[in-house]
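Let me begin by presenting the structure, written as structure tokens, before commenting on it.
The values are calculated or read from the model by the stated rules, or taken from the named source; none is laboratory data. No experiment lies behind these values; they were computed from the predicted model shown. Don't worry about glycine lacking a Cβ; one is built from the backbone with ideal geometry, like all the others, and counts go over all protein chains shown.
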Amino acid sequence: MGVMNGALGMLFSGGPTAIREAAEVFRVNAEAADMRDLELRRAVLEEFAHEFAQPRATLFDRLIDGANRLPRPLMALGTVGLAISAMVDPVWFAARMQGMALVPEPLWWLMGAIISFYFGARYQAKGQDFQRSIAGTMAMAPVVARNLQQLRALSDAAPAAPDGPQDSGTVPRSQGPNPALDDWRAGL
């Protein structure tokens, strides 16, 4: 008994902090990790705020910002313009394509690499967002399956609805053969 008292006394002698410190050896303190994450996010947002706090008033800054927004729309509109020009003036279009045939292959590879890098980052970011949305949807599958089972159970337990009106003053629907419908089906 003395050994147990000694071991427990040594473990709990430091109070709650000793237990917390011992537990943090095996598991990360979630609250401290959240605080570190919060501080990191706050620092990043402060950096962004500092960067954009001063308006870019110079003509050069506005010119560069505008030029950075041009490549995607110009490539898309240029491709549409080429398709339209092929329909409007095929001879003019064929002459331009003959010129394109003279572009050396290494230049095509370089242009392909530049365009791939330019669009690749955006494609990767959108692809990852899509994968996240798919994962979220798949995570909801068990909930949807459970809800469907509950709805089916309710549907099976519900009494069957009558086919026709229940008022005694109305004529019930005929359950027999329908010659007009049979004639119509035969005509198809």
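Just a few scattered comments:
For every residue, the table says whether it meets (1) exposed (fewer than 10 other Cβ atoms within 10 Å of the Cβ); (2) in contact (Cβ under 8 Å) with a residue 40 or more places away in the chain; (3) under 26 Å from ARG69 (Cβ atoms); (4) of a type in the set (S, T, N, Q).
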{"position": "TRP92", "(1), (2), (3), (4)": "no, no, no, no"}
{"position": "PHE117", "(1), (2), (3), (4)": "yes, no, yes, no"}
{"position": "ARG132", "(1), (2), (3), (4)": "no, no, no, no"}
{"position": "ALA141", "(1), (2), (3), (4)": "yes, no, no, no"}
{"position": "LEU151", "(1), (2), (3), (4)": "no, no, no, no"}
{"position": "LEU154", "(1), (2), (3), (4)": "yes, no, no, no"}
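- Members of segment 98-118 found to be of a type in the set (A, V, I, L, M) and more than 39 Å from the chain's Cα centre (by Cα), listed by number: ALA101, LEU102, VAL103
- The residues listed here are ALA121, ALA153; of these, the one that is within 30 Å of ARG72 (Cβ to Cβ), assigned to a helix (DSSP H, G or I) and either within 37 Å of the chain's Cα centre (by Cα) or at pLDDT 70 or above (or both) is ALA121.
- Filtering PRO142, PRO177, PRO172, PRO159 for residues that are modelled with pLDDT of 85 or more and either part of a loop (DSSP other than H, G, I, E, B) or out of contact with any helix residue (DSSP H, G or I) (no Cβ under 6 Å at 6 or more places or on another chain) (or both) leaves a single hit, PRO142.
- Filter result for the condition that a residue is surrounded by 10 or more Cβ atoms within 10 Å (Cβ to Cβ), at pLDDT 80 or above, of a type in the set (Lys, Arg) and more than 30 Å from ILE114 (Cα to Cα), over ARG42, ARG20, ARG72: ARG42
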